[in-house]
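Here's the structure, in C-alpha cells; my notes come after.
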Amino acid sequence: MTPSSDASGVPDPWALLREMPDVVMLRQPIAEPGRYYHGLRAIVLRSGRSLEEERRSLWHELVHAERGDTECTGWAASATERRVEREAARRAMPLAVMERRLAVACDWDDFVWHMKVPESWVRFRLAQARPAERARLDRACRWSDFGDHAAYSSS
Ligand SMILES: [Zn+2]
C-alpha cells in the first residue's frame, strides 16, 4: 500500500520514491514532462512546473520504475505508455480516496484541489471508472453537477 503524506488519504508519490532507494529523481529543463532511464534507475522531471503537474509525472515514471521498463517513450505513443498512464492515475487516485474526498468537497473545483493533480488527470481517471465504481462516486458526491464535470465514458 502506498503511504499517504497527510490525513487526506491521497497517496504520496514522494513517499513511494523513498521506498525505492535505488531510484533517484532529479529536475532538469527537459522537453517532456518526465523521463525514466532504467540503466541508471533515474527519473527526470521537467523543472519549473506546478506541484500538481509534477505529482502526475512522478507517478507515471514511478510506475515505469516499478515495472522495470527500459524507458519512457512518451505519454501516448504506445500501448505500454497508455497502460502505464492508466495505472499511474489509479495509483494516484484510488477509488476509496476519491469517494472520501467527494464526500467533503463542496464543488468540482474543490474536489480537484483535494486530489492534488491536474484537473485533466482527474477527468482521465474518472473516465476509466467502471459503471459500479461511478455509481459509488455519484452516491458519495454532495453536489449536483458531478456528472457534467466528469463526463461518463461509454467506451
Ligand atoms: Zn512513460
Check your understanding: Where does each of C141, C72 land when they are ranked from fewest to most other beta-carbon atoms within 10 angstrom?
Key -> C141, C72
Point to revise | Cα-based Rg / Dmax (Å) for region 25-155 | key: 15.7, 49
Practice item. Kindly give the semi-axes, whole Å and largest first, of the ellipsoid equivalent to region 71-112, taking each as the square root of 5 times a Cα gyration tensor eigenvalue. Key: 29, 11, 6
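Mind pulling up the Rg/Rh value for region 94-149? Radius of gyration and Kirkwood radius, both on Cα.
On the way: Rg = 9.9 Å, Rh = 11.1 Å.
Result: Rg/Rh = 0.90.
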Revision key, fill the gap. Residues whose modelled amide H sits under 5 Å from the amide H of M25, counting only those 5 or more places away in sequence or on another chain, are I43
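Read-outs: derived from the displayed coordinates by stated rules, not from any lab. Because the structure is predicted, anything quoted here is derived from the model rather than measured. Here the Cβ is made from the backbone with ideal geometry for all residues, glycine too, and neighbour counts use every protein chain on show.
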